[in-house]
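The values are calculated or read from the model by the stated rules, or taken from the named source; none is laboratory data. Computed from a predicted model, the values in this text were never measured in an experiment. Quick reminder, even Gly has a Cβ in these numbers, built from the backbone with ideal geometry, and neighbours come from all protein chains shown.
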Amino acid sequence: MKKEYLDYKPELWDKAFISERNNLIFALPDFKMNIEHIGATSVNSGRSFRNVDILLSVSNFSDIYTIAMLLETKGYKEIRELSTLGVVVLVKQKKVNRQTITLRVVQYGEEFYRRALAFKTLLQESSDRIQRYNIFREELIKEVNLDIASYNKTKYEYINNLVDEHFKFEK
């Protein structure tokens with residue numbers, strides 16, 4: 001299957017984010033959480049493989065894993081090779097527009113949370129940076145021949161290097 005990027009479609013990406021945010025609020029009424037649209041589809045001119053990235057943050061560390069278990073009963077599946085201590089990565093396929101929702105559940109204020117929002121800020125600040133990121137991902141997907149693990153590893157290294165160039169994070 002050939003992966004094709006879609007040009008920025010705010011009506012499509014925003015609608016998917018709002019719909020999924022509402023689903024999460026409904027599915028998790030007992031949790032105090034922040035839900036934010038992140039990644040390429042959250043900024044002007046960002047391109048995507050029909051993937052909408054969402055960051056769900058909670059203040060209580062133990063809620064991360066409880067939420068992940070609850071969401072697995074709601075159609076989400078954990079991507080264990082992307083999950084780490086304190087970051088659970090879940091995906092869900094949506095039938096509408098063949099979209100994928102990638103949800104990262106983290107503790108509010110922790111390093112991954114701050115890095116994700118810093119990267120979004122960097123993309124929002126510069127259309128040139130967005131274009132370079134779009135080109136990087138398009139070339140990378142060809143280079144790794146659709147090996148999603150290699151793609152994600154290299155993409156995260158790129159993002160972390162960019163964030164480290166502009167921000168200092170305390171561990």
Open item on the list: Show the residue pairs meeting these rules: Cβ distance below 7 Å; 6+ apart or different chains; first residue within region 29-41 and closer than 12 Å to TYR113 by Cα; second residue surrounded by 19 or more Cβ atoms within 10 Å (Cβ to Cβ) and among the basic types (Lys, Arg).
Closed with: ILE38/LYS120
- [ ] Could you look through region 24-46, keep only residues that are in a helix (DSSP H, G or I) and modelled with pLDDT of 95 or more, and pick out the one that is nearest to THR102 (Cα to Cα)?
- [x] LEU24
Open item on the list: Going residue by residue through region 114-130, is there one that turns out to be over 18 Å from VAL52 (Cα atoms) and part of a strand (DSSP E or B)?
Closed with: no
Open item on the list: Out of the residues in region 65-94 meeting the condition of being within 14 Å of ALA27 (Cα to Cα), among the hydroxyl-bearing types (Ser, Thr, Tyr) and surrounded by 15 or more Cβ atoms within 10 Å (Cβ to Cβ), tell me which one is nearest to the chain's Cα centre (by Cα).
Closed with: TYR76
Task: Filter result for the condition that a residue is over 18 Å from ALA16 (Cβ atoms) and not in a helix (DSSP H, G or I), over LEU55, LEU82 - done: LEU82
Open item on the list: Let me confirm something: among SER127, SER59, which residue is out of contact with any Cys (no Cβ under 6 Å at 6 or more places or on another chain), within 14 Å of SER42 (Cα to Cα) and in contact (Cβ under 8 Å) with a residue 24 or more places away in the chain?
Closed with: SER127
